[in-house]
């Protein structure tokens, strides 16, 4: 069974401060359930948010859409339905088209298949 979510009105001051930063940074009116779930341990919430904010910032060498596409691919590989849905929505907001999404899924599927074959055959690196 899923752990309860910490809603803004029920959160302690430390958690509300992180929620406020999430909403301000993402320019949204609510906090995603992921953050509400990990808010049971405020240090983990704060640490994870700060790391996420830094890694997904718009000022890196990868453009924001590319970061979301990578996040989707890793989430598929790890079987995280929540992150697949969340980062697919974020990628769409950042310009991912249906054609791009289809091609991304084709690449993920192909990589999964060839990874499995290479692993099963213990193919030596050449």
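Read the figures in this text as sums done on the coordinates, not as results from a lab. On a predicted model such as this, the values are computed, not experimentally measured, just so you know.
For the chain, the C-alpha radius of gyration divided by 2.2 N^0.38 Å, with N the number of residues, is 1.27. Using 0.36 nm per residue and subtracting the Cα-Cα separation, the extra length available between residue 24 and residue 115 on full extension is 28.8 nm.
Cα-based Rg of segment 1-55 per 2.2 N^0.38 Å, rounded to two decimals?
1.03
For the Cα atoms of the chain, what angle does the longest principal axis make with the long axis of helix 42-55, in degrees from 0 to 90, nearest 10? In the chain, helix 42-55 runs at an angle near 50 degrees to the longest axis. Relative to the longest principal axis of the Cα atoms of the chain, the long axis of helix 13-26 makes an angle of roughly 50 degrees. Classify segment 36-78 as rounded, prolate or oblate, taking a ≥ b ≥ c as the square roots of the eigenvalues of its Cα gyration tensor: rounded when a/c is under 1.5, otherwise prolate if a/b is larger than b/c and oblate if not. The shape class here is oblate. When the helices of the chain are scored as -39500 (n - 2.57) per DSSP H run of n ≥ 4 and the total is divided over every residue, the value at 222 nm lands at -22000 deg cm²/dmol. The angle between the Cα long axis of helix 81-93 and the main principal axis of the chain comes to about 90°, on a 0 to 90 degree scale. Compactness of segment 52-106 was expressed as the Cα radius of gyration divided by 2.2 N^0.38 Å, which yields 1.06.
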